[in-house]
Amino acid sequence: MENPDGSPEDPPVLSPKVKLSDGRHIAYRERGVPKAKSNCRIIIVHGFGSSKDMNFQVPQELIEELGIYFLLYDRAGYGESDPNPKRSVKSEALDLQELADQLQIGPKFYVIGVSMGSYPIWSCLKYIPERLAGVAMVVPVINYRWPSFPKSLTREDDRRGVVKLLYWIAKYTPGLLHWLVTRKWSPSPSVVEEKPVFFNKRDMEALKKTEGFPMLTKERLREQSVFDTLRSDFLVCYGDWDFDPMELTNPFPEKQNGIHIWQGHEDKIVPFELQRCISRKLPWIQYHEVPDGGHLLVHYNGLREAILRAMLLGEEHHLYKPSADKVVA
């Protein structure tokens, strides 16, 4: 490859990888203080259409103050990681655990899952709770198939019908779906970055400072591997699980602030009413609600610091603590 001026183009920078027991490779990146000198080791799990290069910038002063080591990785099929033809809810937790073991993260570690990156976190709570030091889920996706949701809540939610339709199309007519989302005349999937129907005012401001959703463009979706990865992730997340998260038990009975959910009150993708339902059924989860927050609140100034301080230090910012009437509403 050459640059326009004829000079050789620099080869792409490849990320380090680990080889899993089934032969697949998982790519990762490390940030923060050196692992050997760290006090807190945190694995961050990206969401739909994202990667290990997601924006989770934290002030260096806080990183050094708390001695934080971050590990970010490409989930199966994303970025530079190999796809997993047998992807399941359980495999997501096992991939994370094997990555942690091969990199010698230690017997316990913290995990943060963002949006669709939260279903691997629920899986960790089910299958490897003994490995967790603390948990934060940021605008975690909702699976309407969970049996513990009251029908009165889900029946009236228009988003349930949309998810159900998309799931049917993705499962039974993948070829048609691929054809539709890559046609010139069809709306680009990246339109979610421009339409306020998906995001609130603060989300739209955040999008101006982030890379958005680069995997959801027509150009990327024409790549069969990209389409297949997104499709399999969607089907696993919104399909039938072999457990109900709302029947889990507290893995940290000795701690008051072991598990956290962060939700935006104005989130147009994930309904806050259902997050409140989860927090009522699982009172050992610390529930935080950002009054003017949408689905991209992880990109808001100050929120990442608040998430870390709550999970690592048990600090609760008064702005994000719902009043009693909100929690029972």
Going through segment 92-105 in order, the residues found to be in a helix (DSSP H, G or I) and open to solvent by less than 20 Å² (accessible area, probe 1.4 Å) are 92, 93, 95, 96, 99, 100
Just one listed residue, out of 228, 267, 233, is more than 17 Å from the chain's Cα centre (by Cα) and charged (D, E, K, R), and it is 228
Going through segment 53-70 in order, the residues found to be closer than 19 Å to residue 15 by Cα and either modelled with pLDDT of 95 or more or not in a loop (DSSP other than H, G, I, E, B) (or both) are 69, 70
- Query: On the given criteria, is residue 48 open to solvent by 50 Å² or more (accessible area, probe 1.4 Å) and either among the aromatic types (Phe, Trp, Tyr) or in contact with a Pro (Cβ under 7 Å, 6 or more places away or on another chain) (or both)?
  - Reply: yes
Residues of segment 237-254 being without any contact (Cβ under 8 Å) to a residue 24 or more places away in the chain and either touching a Leu at 6+ places or on another chain (Cβ under 9 Å) or within 19 Å of residue 277 (Cα to Cα) (or both), in sequence order, are 249
- Just a yes or no: is a residue in segment 292-313 over 21 Å from the mean Cα position of the chain (by Cα) and either open to solvent by less than 20 Å² (accessible area, probe 1.4 Å) or at pLDDT 80 or above (or both)? yes
Per the filter on segment 108-125, residues assigned to a helix (DSSP H, G or I) and touching a residue at least 60 places away in the same chain (Cβ under 8 Å) are 115, 116, 117, 118, 119, 120, 121, 122, 125
Going through segment 19-49 in order, the residues found to be part of a loop (DSSP other than H, G, I, E, B) and either of a type in the set (Gly, Ala, Ser) or in contact with an Asp or Glu (Cβ under 7 Å, 6 or more places away or on another chain) (or both) are 20, 21, 23, 24, 33, 38, 47, 48, 49
- Task: Answer with yes or no whether residue 233 is surrounded by 20 or more Cβ atoms within 10 Å (Cβ to Cβ) and either in contact with a Phe, Trp or Tyr (Cβ under 6 Å, 6 or more places away or on another chain) or closer than 21 Å to residue 44 by Cα (or both).
- Result: yes
Of (1) in contact (Cβ under 8 Å) with a residue 60 or more places away in the chain; (2) surrounded by 19 or more Cβ atoms within 10 Å (Cβ to Cβ); (3) outside any helix (DSSP H, G or I); (4) not hydroxyl-bearing (Ser, Thr, Tyr), residue 288 satisfies every one except (1)
Scanning segment 57-89 for residues that are charged (D, E, K, R) and in contact (Cβ under 8 Å) with a residue 60 or more places away in the chain, the one farthest from residue 235 (Cα to Cα) turns out to be 80
Across segment 126-140, the tally of residues that are open to solvent by less than 10 Å² (accessible area, probe 1.4 Å) and touching a residue at least 60 places away in the same chain (Cβ under 8 Å) stands at 8
Restricting segment 106-119 to residues that are touching a strand residue (DSSP E or B) at 6+ places or on another chain (Cβ under 8 Å) and over 19 Å from residue 76 (Cβ atoms), the one least open to solvent (accessible area, probe 1.4 Å) turns out to be 109
| task | With the condition kept exactly as written, say whether any residue in segment 149-166 is modelled with pLDDT of 90 or more and aromatic (Phe, Trp, Tyr). | result | no
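Okay, residues lined up against (1) modelled with pLDDT under 95; (2) in a loop (DSSP other than H, G, I, E, B):
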{"residue": "51", "(1), (2)": "yes, yes"}
{"residue": "72", "(1), (2)": "no, no"}
{"residue": "77", "(1), (2)": "no, yes"}
{"residue": "136", "(1), (2)": "no, no"}
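The values are calculated or read from the model by the stated rules, or taken from the named source; none is laboratory data. Just so it is clear, the model here is predicted, and its values are computed rather than measured. Glycine gets a Cβ as well: all are built from the backbone with ideal geometry, and neighbour counts include every protein chain shown. With ligands, DNA and RNA removed, areas are computed over all heavy atoms of the protein, side chains included. Shrake-Rupley method; radii C 1.70, N 1.55, O 1.52, S 1.80 Å.
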